[in-house]
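Structure, as structure tokens:
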Amino acid sequence: LVESVKTRWRNKHLYQWLTAEHVLAVVALDPKGRFEVRNGRIRARYGHSRSLNIAISYQLDEVSATLYHGTATSNLASIMREGLKPMKRMYVHLTLNPLEACETGRRHGSNPVLLVVSADCLRRRGIRVYIASKTIRLAEYVPVECIEEVESCSEILRGPGIR
């Protein structure tokens, strides 16, 4: 990867300082655990927008009870009609952390909402919940009936003590 960036990247002259240690630091320090190194190669652990014809096996999450998904308020009507779909990804991304969900939702709109999802409801409907990282969970679909609550993210994003 480092060699390719230094020799083939569009602005390669800007990245001549890059070393393998820099790449490994990104892998180790990424708070969402998006990457892993296997057999000396780096890869994304989740978030694929298409099938890559590589086998990434995820461990089943059979323990988590409550999962969260942040989204723009403008998406809420269709979600409450059709459920949460993976859209351009392979899976719906959920998290164990409501703040993380709200921060993700904020990237899609200025007034995000938090969807509280019952993982047990998903399992009862035969929908597997996978562990992608310490805090990220994946599901192929979240039906409307598994969305237990919708909350504004404004208080969560504001933080403690500023209510």
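The values are calculated or read from the model by the stated rules, or taken from the named source; none is laboratory data. Note that this is a predicted model, so its numbers are computed, not measured. No Cβ is skipped: glycine too gets one built from the backbone with ideal geometry, and neighbour counts run over all protein chains shown. The area values use the complete protein model at the heavy-atom level, side chains included, leaving out ligands, DNA and RNA. Shrake-Rupley method; radii C 1.70, N 1.55, O 1.52, S 1.80 Å.
Among ALA72, ALA25, ALA119, determine the one that fluctuates most according to a GNM of the chain built with springs between C-alpha atoms less than 10 Å apart.
ALA25
Rounding to the nearest 10 and keeping the result within 0 to 90°, find how far the Cα-based axis of helix 20-29 lies from the longest principal axis of the chain.
With rounding to tens, the tilt is 10 degrees.
I need the chymotrypsin sites (Phe, Trp or Tyr not before Pro) found in the stretch 56-163, filtered to DSSP loop residues with at most 13 other beta carbons within 10 Å of theirs. Present the calculation step by step, with values, prior to reporting the outcome.
Details: sites: TYR58, TYR68, TYR91, TYR130, TYR141; in loops: TYR58, TYR91, TYR141.
Within the stretch 56-163, no chymotrypsin sites (Phe, Trp or Tyr not before Pro) qualify (loop, at most 13 other Cβ atoms within 10 Å).
Please find, in a Gaussian network model of the chain (springs between Cα atoms separated by less than 10 Å), the residue of LYS88, LYS12, LYS32 whose mean-square fluctuation is greatest.
Checking each option, the largest mean-square fluctuation is seen for LYS12.
Under 28 Å from the Cα of LYS85, which lysines turn up, not counting those fewer than eight places away in the same chain?
LYS32, LYS134
What accessible area per residue comes out for the chain, rounded to a whole number of Å², with a 1.4 Å probe?
64
Quick check: at a probe of 1.4 Å, how many percent of the accessible area of the stretch 53-112 sits on carbon and sulfur atoms? Mind showing how you got there, number by number?
Working: 1880 of 3700 Å².
The nonpolar share, carbon plus sulfur, comes to 51 percent.
Grab the Cα-Cα distance for GLU155 and ARG10, subtract it from 0.36 nm times how many residues apart they are, and report the gain in nm with one decimal.
Extra length from GLU155 to ARG10 when fully extended: 48.0 nm.
Out of ARG128, ARG107, ARG38, any idea which swings most in a Gaussian network model of the chain, alpha carbons joined below 10 Å?
Of the options given, ARG38 has the highest mean-square fluctuation.
Could you tell me the convex hull volume per residue, in Å³, taken over the Cα atoms of the chain?
164
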